[in-house]
Amino acid sequence: MNETVTTPKTKIEVKVERPKLHKVILVNDDFTPREFVVRVLKAEFRVSDDQAKRVMITAHRRGACVVSVYTKEIAEAKATNATDAGRAKGYPLLFTTEPEE
Ligand code: TYC
């Protein structure tokens, strides 16, 4: 017998990319009470009291502030929930999302 055994030369490369993170941004307004903004930040984004106050006051002074980053679906769900919490009380509180560079 004269059998040749060959091994395949094709290498399969699997590329896995990290999902792009999305920022949740708190937008300032003139009506939502400061303490309500802090309460929503703590409840929805699980930040400390200190961090919630810092984010709130930064948005208040500068117009907007990044709260945190998440995968797209999580960022959008949290922004919607937090915005809805304000709307339920009649406040124009707004959270938006945008992809990180
Ligand atoms: N500017 C609001 C006030 O003076 C407080 C506030 C801060 C509202 C941050 C929204 O994203 C915000 N009552």
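The values are calculated or read from the model by the stated rules, or taken from the named source; none is laboratory data. Just so you know, these numbers come straight off a predicted model, no measurement behind them. We place every Cβ from the backbone using ideal geometry, glycine too, and count neighbours over all the protein chains shown. What goes into the accessible areas is simple: the full protein's heavy atoms, side chains included, and nothing from ligands, DNA or RNA. Shrake-Rupley method; radii C 1.70, N 1.55, O 1.52, S 1.80 Å.
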**Q.** Filter result (assigned to a helix (DSSP H, G or I), open to solvent by 20 Å² or more (accessible area, probe 1.4 Å) and more than 15 Å from Pro92 (Cα to Cα)) within the stretch 40-60
**A.** Lys42, Ala43, Glu44, Asp49, Asp50, Gln51, Lys53, Arg54, Ile57, Thr58
Q. Phe95 is checked against (1) of a type outside the set (Ser, Thr, Tyr); (2) open to solvent by 80 Å² or more (accessible area, probe 1.4 Å); (3) closer than 28 Å to Lys20 by Cα; (4) touching a residue at least 24 places away in the same chain (Cβ under 8 Å) and fails just one. What number does that condition carry?
A. (2)
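Can you pull out every residue in the stretch 63-81 that is over 11 Å from the mean Cα position of the chain (by Cα) and near the ligand (Cβ under 10 Å from one of its atoms)? Give the steps one after another, and end with the answer.
Of all residues in the stretch 63-81, those over 11 Å from the mean Cα position of the chain (by Cα) come to 63-65, 81.
Answer for the stretch 63-81, where residues must be over 11 Å from the mean Cα position of the chain (by Cα) and near the ligand (Cβ under 10 Å from one of its atoms): Gly63, Ala64, Cys65.
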Q: Could you run through the stretch 61-95 and say how many residues are within 22 Å of Glu35 (Cβ to Cβ) and outside any helix (DSSP H, G or I)?
A: 13
Q: List every residue pair whose Cβ atoms lie under 8 Å apart, where the two residues are 6 or more positions apart in sequence or sit on different chains, the first residue falls within the stretch 1-26 and is closer than 30 Å to Val66 by Cβ, and the second residue, located anywhere, is among the basic types (Lys, Arg).
A: Pro19/Lys72; Lys20/Lys72; His22/Lys72; Val24/Lys78
Q: Say whether the condition of being within 14 Å of the ligand (Cβ to nearest atom) and either touching a helix residue (DSSP H, G or I) at 6+ places or on another chain (Cβ under 8 Å) or not in a loop (DSSP other than H, G, I, E, B) (or both) is met by at least one residue in the stretch 8-25.
A: yes
